[in-house]
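Laboratory data are not the source of any read-out in this text; all were calculated from the coordinates shown. Keep in mind the model is a prediction, meaning the values are calculated, not measured. Counting neighbours? That spans all protein chains shown, and the Cβs are built from the backbone with ideal geometry, glycine included.
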Amino acid sequence: MSKYYINAAHKKSRIHKEIYGHFSEHLGRCIYEGLYVGENSEIPNVNGMRTDVVEALKEIRVPVLRWPGGCFADEYHWKDGIGPKETRKKMINTHWGGVVEDNSFGTHEYMELCRQLGCETYVNGNLGSGTVQEMSEWVEYMTFNGVSPMADLRAKNGHPEPWKVDFFGVGNENWGCGGNMTPEFYGNEYRRYQTYVRQYNSPGMMAAEEYPGKIRKIACGPNVDDTEWTDGVLRTLFRHCEKRLHGNADGLSLHYYTHPEGWEKKGSATDFDEKTWYKTLSKALYMEDLIRMHGAIMDQYDPEKKLGLIVDEWGTWFNVEPGTNPGFLYQQNTMRDALVACLNLNIFNKHSDRVRMACIAQMVNVLQAVILTEGPKMVKTPTWHVFDLFKEHQEAVLLDSFLETKEIGEEEEYMVPNLSESASLDPQGRLQITMGNLSVTEDYPVEAFITGFAGKKAAARILHAPMRAMNTFEEPETVKSEDFQVELTEGKLSFTIPACSVLQITVEE
Ligand code: AHR
């Protein structure tokens, strides 16, 4: 019996809804085919956006969408993607698959997609190969509500009203595909570029501390465990402007992908054994070490935790599905991906004092996608179901909780705890619990003791299937969540969590 303690009287950090964010890049079939099919497509769409996909994404309450990359962002010239579609430049997507990019999805289409999803916008600017002027003009084009060359151009292109840019990334992976910079060089470039990311709608156009519509600026952070980058960038950002940093930078990104066989080999998305299952989950759990590692450096410069850690690329990265374009990064999604998602989301919740946003890579048809499409067909992956189960944590308050666990696995190096959890108090005053069972074979009885909350009724849903189970276009509902029985008596919840499952419980007073 695992004992589980939840103290609802001990409220911790706010779980920013952006932790449940997504990432969409001009890569493979994520944007084109996956999200955008064009107004003339036979696939049902609204202004070119696939209706089935948008509806499925609305169900999981996508809070924020990052675009247009990734590595693509530092090669993207936004003016190529505005104006009449027939005159937009066609070019080769040199980064991903060598296919023709016709720029039919640009700024207006992205803003329309976010409008349909009802989500916040996170635009990633081009620092690697673009100019300060280009970045500055993009922000002017999107957000300025007045008379100016870019605002006039936006109106001429059919959108007189400005849009809201909630988050703006100043470059992407500038230690690699975004220009191969050193941390100090990037730090200085960040300072220069972000200066011209104007807060057009702030009072007096001054970068005031807080006001509605403020653009939150995200600096490029480390790759995996590159602490030298974190330290070098932060040292450069804070130099000579300690007092003014807040407002000039609101977040530092972190990218970490889970690939069981290392970066070179990666491994199959669907053909794996129990040993690889545990190895994958153990590698996913490394996310917590990374948050602690980079968080400790951030604490030195920013003890008040004003700067958010923005994990804007995370998820599994396996070999592509056999027979597909290797540059399209299309992979299937199994219960292993579901557990990886569960572990990451529980970790982000637990570290929500520092982690302010996380974007799974990527939204549709690329890497650990929540949706896969093939022509007019669409499936919700096991990862979609995890986002569905976890959505009630959005904007909830993390609660103090502790679960007794034991180590399980097949190799000493890759042992994992048998269970993972997080608990929160949602905006409606309900207790939300999410738990994963990492064992392939063992069910575990759990007794949960809740203090500071007079629970009267409990309801639960579970995602439970064999480890290699997946949803295909032929059988789209092999993995789906269902109701689950839990017992609630005098502040104690009892249940047995089955092997290889993700469980969500709501308790009401
Ligand atoms: O998500 C795929 C790629 O992974 C992104 O373009 C890049 O930022 C990262 O290396």
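Placing R0 at 35 angstrom, the Cβ-Cβ distance between ASN47 and VAL397 gives a FRET efficiency of 0.40 after rounding to 0.05. As a ratio to 2.2 N^0.38 Å, the alpha-carbon radius of gyration computed for region 401-508 takes the value 1.17.
Under 19 Å from the 7 Å Cα→Cβ point of ARG235, by amide nitrogen: which residues of region 297-341? Only 297-303 pass the distance filter. Placing +1 on the Cβ of every Lys and Arg and -1 on the Cβ of every Asp and Glu, with no other charges, gives the chain a dipole of roughly 1400 debye about its Cα centre. In the chain, the calculated helix contribution to ellipticity at 222 nm averages -7500 deg cm²/dmol per residue, counting -39,500 (n - 2.57) for every DSSP H run with n ≥ 4.
Taking all Cα pairs closer than 8 Å and separated by 6 or more residues, the relative contact order of the chain comes to 19 percent. Remark: the GLU482-LYS457 segment gains 7.2 nm on full extension, using 0.36 nm per residue and subtracting the alpha carbon distance. Any chance you could give the angle, 0 to 90 degrees and rounded to 10, that helix 107-117 forms with the longest Cα principal axis of the chain? The helix 107-117 is inclined about 30 degrees to the chain.
Of all DSSP-defined beta bridges confined to region 266-382, some 45% are antiparallel rather than parallel. The smallest convex shape that holds all Cα atoms of the chain, its convex hull, gives 142 Å³ per residue. A straight chain from ALA296 to GLU474 at 0.36 nm per residue would run longer than the Cα-Cα distance by 59.3 nm. Apply 1/(1 + (r/R0)^6) to the Cβ-Cβ distance of PHE449 and LYS377, taking R0 = 51 Å, and write down the FRET efficiency to the nearest 0.05. Between PHE449 and LYS377 the formula returns 0.65. Just subtract the alpha-carbon distance of GLU442 and LYS58 from 0.36 nm times their residue separation and send over the number in nm, one decimal. Value of the extension gain: 134.8 nm.
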